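Some notes on the structure that comes next.
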Amino acid sequence: MSGVHVRVRVGDEHYALPVEDVVEVAELGVVTPVPGSRANILGVRNLRGRVIPVIDLASVLGVDSSGERARVVAVDEVIDVELVAEPSEAVESELLKGAALIDGTLVGVVDVRSILAAESPEAEAQN
Amino acid sequence: LSAADREILELAGAETGDCLDRIEATLLEAEGGHADAEAIDSMFRDAHSIKGTASMVGWKEVASIASTMEDTLGECRETGEFPAKLAAPLLKATDAARKALADESGSGAGPTNEQSAGADVVAPAAPSAPTASRRGIRVGAEKVDRMLDAVGETVLHHRRLEHVLGERIVAAGDDIAEEELGLGERLLDELQDSVIEMRTLPLSSITGSFPRAVRDVATAEGKEVELVITGAETQLDRVILEGISDAITHLLRNAVAHGIESPKEREAAGKPAIGRVELRAGQREGMVAIEVADDGGGVSQELLERGEEVGSLADVLAAPGFSTAAEVTELAGRGVGLDAVKEHVESLAGSLEIRSEPGRGTETILLLPLTLALLRVLLCERGGQPFGVPLPSVREVVLATDVTSLSGRPSIERHGESISLADLAAMLGTSAPPLPSAPTAMIIASSARSVAVACDRVLGDQEVVVKTLGPLLAGVNGYLGAAILGDGRVALILDPNHLLKTQVAASLAVEAPAGQADEERSAPTVLVVDDQFTVRELQRSILETSGYRVETARNGREALERLAAVPEIDIVLTDVEMPEMDGFALLAAIRQHADRSSLPVVVISALEGEEDRRRGIEQGADAYIVKQEFDQQTLLDTILRLVGS
């Protein structure tokens, strides 16, 4: 199940997002907080006339990230768009599809759908 | 399940729903004894279509019910007669088919029961049109919303372009470029209107179930009732329609159960034995009015009087748990559930009115906005973040100067009523820098409840395109949605009902109340002229707090009318840009008037140019205040200088 991924940095860790799940990479821009929403959701922003929620990937994955966030998918830095081989390492997190070793760095492959599901109101109701 | 498959299933569900609606309508007519060969044919064909569609997509239960119906109707078709006694069992069968459809398709039958954004929009809408060519095309609602987003953003882009190029083009005297910019704006307006129109559906798309609901209640109550629907072609926003069907059904059931009297009572009162319930819809003052009227007994004199006391019969009847029914019947009392209806209507930025005449009947009116996509909101700012409140919910904007504390909670007094004052930030559970000692507050009112919501400043009222916050934020209470403002910022649109419910001991930095103006002295009267509601209310509040009496007008023409009607007006404060008659024209008219030529006039304008200031003074304005420099003290000092206090 290899495919093209967008590799990003979250804090000191590296993650990859399947390119099919990435609409575009943009500057974070102005985020309007939505009081009352969960902490993982930074707020909403205007993406060319659409109001879209901004999720903090670091907070979702429990990664310590103090750096300034520059990208809308709530990551610290986009490193590259590249082909990632099938995740070779199993991981315990439900939010990751697995992990792969790329140039000696362990890269977590993010399961975008699981993350969106985990952040939905239904998931909150179950917890 | 692929997107294409989902689309086919949605289409199949909608078609089946349409067929069931038609069968039901024909059966209701047949029950009265009129079913000709054509009606039987039409029901047979619909049953047959349902069977075909349902089998194709694997809804076994629906297909089986439709098949039974088809068999029964097939026999009628052969004999050419429809026995009236068949209507009841066939109606039951349509109910069973609807239920099976909901179970098997995993959604409701047709737009009536669909709450999600996945509902279909038929454009141009013509659900009852008999020929295929007039049916129009089904477009996913989310596609229309996406288009509306893009159009909205294009409009904002055009405004920025105008801002950047406008002055340069005018300076260069480039008429052609100026004309093209103007043309672009008109084209975009047209485009926006037509996309918004696509989001609308006729009321008839939800009226299908109403005759049945009325019939069922009437039968259960042993009454005879005729339902007349007019104005079903009235167009409403899809989102409003989805939510309003239950409310209308409730009002219709109420009208039959508690409005219409028993046949005996009606006879005794000299009325026709058959009661009449009317559902009327139409546009009124830029809103859509949906009225449910009955020719029944009306509410009691006592309730009418209480309604007059409170100022609204709807408020009396919609008080939670209220019922005018002497006994509790199987069905909801007149008022039971009315509170829910009222709340729902208000959450859509609409309102509820009730009129009644003892012995003659009752009329319930739902006033709804034409579209939820475009909403007039009052924009305010708290902690640097913009928020919007639907304008119909804002009673007035005040400067909260005399804040008193009632059992530890701050409150202000307006028109002899104590209204609790809360910090918007505290109400939303967020933090923001402390408010000034006399903050601006919006008085938000619905039914008998009201609350003063304090914010940093009010930005004005504006028509905005309301967008949903999306599924991830659907669980967060308190917002109707979000809107993108001209500068690209996102403003959250607050749900007024949520604000009213939120009981927060808001922490306001309250300073000791300032010395009150001596009200015994004869206070000068100020006429405030401005086309913006916010500005008028804000100025009224500032002036009234300082002890002035205030009259208001929305434009120059109205101002002249007020001046003629209220001779004691001592000074006029006027805006420049206003419809019908602007501030300079008003000023000229005042100066030309024999009795008023020396009346002090203060021009308050957004126009900053030195040119305008000169024009204002030359035409005889006594003072000129630019809105950007506007502050309370400048205004009060200017008025004090001109008329004293």
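Could you run through segment B:328-346 and say how many residues are among the acidic types (Asp, Glu), modelled with pLDDT of 70 or more and open to solvent by 50 Å² or more (accessible area, probe 1.4 Å)?
Keep residues of segment B:328-346 that are among the acidic types (Asp, Glu), which gives B:330, B:339, B:343, B:346.
Imposing the further condition that a residue be modelled with pLDDT of 70 or more reduces the set to B:339, B:343, B:346.
Now drop any that are not open to solvent by 50 Å² or more (accessible area, probe 1.4 Å), which leaves B:343.
Residues that pass the stated criteria total 1.
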Subject >> Qualifying positions in segment B:408-437 - within 14 Å of chain A (Cβ to nearest Cβ) and not aliphatic (A, V, I, L, M) >> reply: B:423, B:429, B:430, B:431
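Across segment B:235-248, what is the number of residues that are open to solvent by 30 Å² or more (accessible area, probe 1.4 Å) and not aliphatic (A, V, I, L, M)?
Narrowing segment B:235-248 to residues open to solvent by 30 Å² or more (accessible area, probe 1.4 Å): B:235, B:239, B:246.
From the residues that got through so far, the ones that are not aliphatic (A, V, I, L, M) too are B:235, B:246.
Total satisfying the criteria: 2.
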**OP:** Could you list, in sequence order, all residues of segment B:438-460 that are closer than 24 Å to residue B:546 by Cβ, more than 14 Å from chain A (Cβ to nearest Cβ) and touching a Leu at 6+ places or on another chain (Cβ under 9 Å)?
**Re:** B:438, B:439, B:440, B:441, B:442, B:450, B:452, B:454, B:456, B:458, B:459, B:460
**OP:** State which residue is surrounded by the most Cβ atoms within 10 Å (Cβ to Cβ) when the search covers only segment B:573-600 and only residues that are within 32 Å of the chain's Cα centre (by Cα) and part of a loop (DSSP other than H, G, I, E, B).
**Re:** B:575
Subject >> Enumeration of residues in segment A:43-59 that are open to solvent by less than 60 Å² (accessible area, probe 1.4 Å), touching an Asp or Glu at 6+ places or on another chain (Cβ under 9 Å) and either closer than 30 Å to residue B:156 by Cα or within 13 Å of chain B (Cβ to nearest Cβ) (or both) >> reply: A:46, A:47, A:49, A:51, A:53, A:55
Subject >> Qualifying residue in segment B:409-427 (condition: touching a residue at least 40 places away in the same chain (Cβ under 8 Å) and assigned to a loop (DSSP other than H, G, I, E, B)) >> reply: no
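Looking at residue A:30, is it at pLDDT 75 or above, open to solvent by 50 Å² or more (accessible area, probe 1.4 Å) and in a strand (DSSP E or B)? Walk me through how you get there before you give the answer.
Details: at pLDDT 75 or above: yes; open to solvent by 50 Å² or more (accessible area, probe 1.4 Å): yes; in a strand (DSSP E or B): no.
No: the conditions fail for residue A:30.
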Original post:
Which one is surrounded by the most Cβ atoms within 10 Å (Cβ to Cβ) among residues in segment B:158-207 that are under 30 Å from residue B:241 (Cα atoms) and of a type in the set (Lys, Arg)?
Top reply: B:199
**OP:** Tally the residues that are closer than 26 Å to residue B:146 by Cβ and assigned to a helix (DSSP H, G or I), restricting the search to segment B:158-199.
**Re:** 21
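State whether the residues of segment B:387-409 include one that is under 25 Å from residue B:369 (Cα atoms), within 21 Å of the chain's Cα centre (by Cα), aliphatic (A, V, I, L, M) and open to solvent by 70 Å² or more (accessible area, probe 1.4 Å).
no
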**OP:** Give the residues of segment B:208-234 that are open to solvent by less than 30 Å² (accessible area, probe 1.4 Å) and within 19 Å of the chain's Cα centre (by Cα), sorted by residue number.
**Re:** B:231, B:232, B:234
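In segment B:548-572, which residue that is part of a strand (DSSP E or B) and without any contact (Cβ under 8 Å) to a residue 60 or more places away in the chain is farthest from residue B:617 (Cα to Cα)? Talk me through it step by step, then tell me what you get.
To start, the set of residues in segment B:548-572 that are part of a strand (DSSP E or B) comprises B:549-553, B:569-572.
Still in the running and without any contact (Cβ under 8 Å) to a residue 60 or more places away in the chain: B:549-553, B:569, B:572.
Values: B:549: 26, B:550: 24, B:551: 24, B:552: 23, B:553: 22, B:569: 21, B:572: 15 Å.
Looking at residues that are part of a strand (DSSP E or B) and without any contact (Cβ under 8 Å) to a residue 60 or more places away in the chain, I get B:549.
Give the residues of segment A:9-41 that are within 30 Å of residue B:487 (Cβ to Cβ), among the aliphatic types (A, V, I, L, M) and away from chain B (no Cβ under 13 Å), sorted by residue number.
Filtering segment A:9-41 for residues within 30 Å of residue B:487 (Cβ to Cβ) gives A:22-41.
If we keep only those that are among the aliphatic types (A, V, I, L, M) as well, we get A:22-23, A:25-26, A:28, A:30-31, A:34, A:39, A:41.
Selection gives A:22, A:25, A:26, A:28.
State which residue is modelled with the highest pLDDT when the search covers only segment B:257-280 and only residues that are outside any loop (DSSP other than H, G, I, E, B) and open to solvent by 80 Å² or more (accessible area, probe 1.4 Å).
Here is the first cut: in segment B:257-280, the residues outside any loop (DSSP other than H, G, I, E, B) are B:257-259, B:263-268, B:275-280.
Subset that is open to solvent by 80 Å² or more (accessible area, probe 1.4 Å): B:264-265, B:267-268, B:276.
Values: B:264: 89, B:265: 89, B:267: 90, B:268: 90, B:276: 93.
Among them, the one singled out is B:276.
The values are calculated or read from the model by the stated rules, or taken from the named source; none is laboratory data. Keep in mind that this is a model prediction, so the values were computed, not measured. We place every Cβ from the backbone using ideal geometry, glycine too, and count neighbours over all the protein chains shown. Side chains included, ligands, DNA and RNA excluded: accessible areas come from the protein's heavy atoms. Shrake-Rupley method; radii C 1.70, N 1.55, O 1.52, S 1.80 Å.
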